[in-house]
Amino acid sequence: MTPEDFQKVFPFVRDWIYQTLAANAVKAKSVASFNFPGLPRYYSSGLLARAKVVFVGKCPVPPPSSIGLSQFADFENMNASGITYFETYFVLWQEAERESLQFHELVHVVQWQLLGAERFLALYADRLEKHGYRNSPLEVMAYDHEARFNANAQPYSVEAAVRQQLQHWG
Ligand SMILES: [Zn+2]
């Protein structure tokens, strides 16, 4: 997808995200309120208080094929366990207690904060197209941190680590 194509689509996707977040605002709860035991070892209390989670039967994804991006139809149909928009992430009900998934989505919350909506979505769409979902760099970063969490790594600041990683992207 060319930057020009992205510029055409971005306002629609952004508006769709705003509408989706507004429609789910009453169901959103702070991540901190769930008292996951491991998350505070890697995320600041400020981030856990700000980040919100919504449990759903199906994770909402923008309808890319309806705005002419048929190359993302696979993504649209992949039935994600979780997905993040700004400081809010959606997780399937049956995954509500999987702490590593919350951890993974929180990496995306940090990425959204540091990159902003336009840059996050541009990078995500571009790399998704070139590398596929699992190998897109924003996902690789999230999965790598999640793996450290699952391996019970020494506590570290994910926010600081992601900030440093993104700096190297230029
Ligand atoms: Zn992810």
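The single condition among (1) in contact with a Pro (Cβ under 6 Å, 6 or more places away or on another chain); (2) part of a loop (DSSP other than H, G, I, E, B) that Arg134 does not meet is (1). On inspection, Leu106 passes the criterion of being within 13 Å of the ligand (Cβ to nearest atom) and under 23 Å from Asn35 (Cβ atoms).
Total residues in the range 77-103 satisfying the condition of being assigned to a helix (DSSP H, G or I) and away from the ligand (no atom under 13 Å from the Cβ): the figure is 3.
Only a single item in (1) modelled with pLDDT of 95 or more; (2) part of a helix (DSSP H, G or I) is not met by Ser66, and it is number (1).
So is Val140 open to solvent by 40 Å² or more (accessible area, probe 1.4 Å) and part of a helix (DSSP H, G or I) or not?
yes
The values are calculated or read from the model by the stated rules, or taken from the named source; none is laboratory data. Remember, it's a predicted structure, so these values are computed and weren't measured experimentally. Glycine also receives a Cβ, built like all others from the backbone with ideal geometry; neighbour counts cover every protein chain displayed. Only protein heavy atoms, including side chains, enter the accessible area calculation; ligands, DNA and RNA are left aside. Shrake-Rupley method; radii C 1.70, N 1.55, O 1.52, S 1.80 Å.
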